[in-house]
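Working notes for the structure below.
The values are calculated or read from the model by the stated rules, or taken from the named source; none is laboratory data. None of these values were measured; they are calculated from a predicted model. We place every Cβ from the backbone using ideal geometry, glycine too, and count neighbours over all the protein chains shown.
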Amino acid sequence: GIQVEQSPPDLILQEGANSTLRCNFSDSVNNLQWFHQNPWGQLINLFYIPSGTKQNGRLSATTVATERYSLLYISSSQTTDSGVYFCAAEFNTNAGKSTFGDGTTLTVKP
Amino acid sequence: DTGVSQNPRHKITKRGQNVTFRCDPISEHNRLYWYRQTLGQGPEFLTYFQNEAQLEKSRLLSDRFSAERPKGSFSTLEIQRTEQGDSAMYLCASSSNLNTEAFFGQGTRLTVV
């Protein structure tokens with residue numbers, strides 16, 4: 001069936017380090033989003049990126065739709081970057097609803 | 001626009017009671033979605049609306065669950081005869097249309113005791 005897999009499941013970094021989070025998806029997608037879930041549970045939009053590359057400050061994302069993966073880059077990490085990062089894909093065969101991965105839990109230590 | 005708003009933020013209920021949650025989407029967003037998230041998992045799709053029409057329901061949504069969006073604006077999600085397994089975070093999202101960015105509310109955390 002359709003799947004979204006995120007790696008690594010857990011990541012521990014020292015403040016100032018860079019990191020790459022990966023999202024693999026099993027089929028063609030209409031859209032793909034990256035979210036950061038804050039400690040209170042709200043999903044904060046990071047990128048809407050069905051294809052191509054986008055940058056927003058220290059964060060950037062790249063989706064290679066033909067190879068069915070997306071990457072989220074965090075540079076010069078800060079303690080406030082800690083939390084769970086989710087990617088969510090809306091598949092062509094399942095239009096209208098998003099399938100989430102299980103997330104990457106990022107811990108940035110001071 | 002204040003974004004997607006959900007009420008209540010927290011709900012504790014006894015097993016067997018009925019509960020209702022409300023979601024107010026971003027104004028003029030046609031699509032509204034409900035998801036459920038349990039600890040350590042990503043959100044799982046429950047149902048979505050295009051205006052007032054409920055277009056799809058997940059098999060996760062048992063007969064005890066019902067969702068409405070009567071005027072194509074706010075939506076309610078009701079759970080009847082709650083069970084401990086219903087304890088979860090219930091998330092609502094909205095988007096302007098198909099294949100557009102979705103925005104999530106703060107969620108309603110349900111605890112069934």
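Could you tell me which residue of the stretch B:42-67 is nearest to the other protein chains (Cβ to nearest Cβ), considering only residues that are of a type in the set (A, V, I, L, M, F, W, C) and surrounded by fewer than 20 Cβ atoms within 10 Å (Cβ to Cβ)?
Here the residue is B:Leu55.
Does the stretch B:6-41 hold any residues that are surrounded by fewer than 20 Cβ atoms within 10 Å (Cβ to Cβ), among the hydrophobic types (A, V, I, L, M, F, W, C) and within 14 Å of chain A (Cβ to nearest Cβ), and which are they?
Once the filter is applied, which keeps residues that are surrounded by fewer than 20 Cβ atoms within 10 Å (Cβ to Cβ), among the hydrophobic types (A, V, I, L, M, F, W, C) and within 14 Å of chain A (Cβ to nearest Cβ), the stretch B:6-41 yields B:Ile26, B:Leu39.
Given the stretch A:22-110, what strands (runs of 3 or more DSSP E) lie entirely inside it while holding 1 or more residues that are farther than 23 Å from B:Ser5 by Cβ and within 8 Å of chain B (Cβ to nearest Cβ)?
Fully inside the stretch A:22-110 and qualifying: A:29-37, A:83-91.
All but one of (1) closer than 21 Å to B:Leu32 by Cα; (2) modelled with pLDDT of 95 or more; (3) surrounded by fewer than 20 Cβ atoms within 10 Å (Cβ to Cβ); (4) in contact with an Asp or Glu (Cβ under 7 Å, 6 or more places away or on another chain) hold for A:Gly101; which doesn't?
The single condition A:Gly101 does not satisfy is (3).
I'd like to check something: does the stretch A:62-80 contain any residue that is basic (Lys, Arg), touching a helix residue (DSSP H, G or I) at 6+ places or on another chain (Cβ under 8 Å) and modelled with pLDDT of 95 or more?
Checking the stretch A:62-80: not a single residue is basic (Lys, Arg), touching a helix residue (DSSP H, G or I) at 6+ places or on another chain (Cβ under 8 Å) and modelled with pLDDT of 95 or more.
Kindly establish whether B:Gly3 is touching a residue at least 60 places away in the same chain (Cβ under 8 Å), more than 14 Å from the chain's Cα centre (by Cα) and within 10 Å of chain A (Cβ to nearest Cβ).
In short, yes.
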